[in-house]
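The values are calculated or read from the model by the stated rules, or taken from the named source; none is laboratory data. Fair warning: this is a prediction, and the values are worked out from it, not measured in the lab. Counting neighbours? That spans all protein chains shown, and the Cβs are built from the backbone with ideal geometry, glycine included.
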Amino acid sequence: MPEYLAQLVAHYSPFQWALIVVVLSLGSVIQGAVGFASGLFSIPLLVVFNIPLEQAAAINFLLTAMQNFFGAWKLRAELRRDEVILPMVLRWVGIPLGVFAMHRTSSLPPTVVKQVIGLLLLVTVIFMWLWRVKHRERIPLPATVVTFLTSGFLLGFAAIGGAPMVLYVNTLTWSAAKCRAFLFLLSATGVPPMAVLLAWTFGAQLLPAVAAAAVAMPFCWMGVLLGMRLGRLLDKRLFRTLTYGLLTVIAVSSVLSPWLSGR
């Protein structure tokens, strides 16, 4: 057993271990403050520093599962059942498609995967910068279907399914607390199918990711509690502006990674 644990520890370099703890802790602060974006922040950074996509997604997924269940429980009184059932089912439909795409890209060169993730992130952030919200009571059914199928696919592909949901809640005339409750609950209900599909598809390949998540969990727990406090104290517009600016830098660096690394 000690030898096996030593192999798990040796799977990542000391720099990668430090990176996992620091990046996921910062991602937890963001998640706690705005109710999403841990994956958008963390996964591109981990992939840029040569952690395989499926492991980066699994590490983030395991840690944000804790955060999302906690947030959903705290804000459970904000939502009605009819507001979440269809979005939840649509995300479940999209998740297997995303996991299949992740499996197909796992054999691609790491630089290509970095660029794919960077492009997805860049498109998402540009969308969120440019989106002009026209608030309404309900979202048309076709838009709802596209939104949550896309969210499920992005969750399965790279554990970054939060952005479409943010666009959805920002269009509705919901309170900030209700928006956060929706994001936490939908993210939490994506945990069981995502866990089963990751285990079925990648199996023992993800054991180092499980070990990394266990090591980072205490730091991430402190991060999400700090984020929830910051979310109450900071101006939301400024906080989101700074967050999206940082995500843009990460996305561009991922797209340019072959040139930045001299390849």
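Among the residues of the range 182-200, the ones that are part of a helix (DSSP H, G or I) and buried (at least 18 other Cβ atoms within 10 Å of the Cβ) come to 12 in all. Is it the case that some residue within the range 37-55 is at pLDDT below 85 and either over 14 Å from the mean Cα position of the chain (by Cα) or surrounded by fewer than 21 Cβ atoms within 10 Å (Cβ to Cβ) (or both)? Yes, there is a match, as at least one residue in the range 37-55 is at pLDDT below 85 and either over 14 Å from the mean Cα position of the chain (by Cα) or surrounded by fewer than 21 Cβ atoms within 10 Å (Cβ to Cβ) (or both).
If you go through the range 135-147 and keep only what is under 21 Å from Ser175 (Cβ atoms), in contact with a helix residue (DSSP H, G or I) (Cβ under 7 Å, 6 or more places away or on another chain) and either at pLDDT 90 or above or surrounded by fewer than 10 Cβ atoms within 10 Å (Cβ to Cβ) (or both), you end up with His135, Thr144, Thr147.
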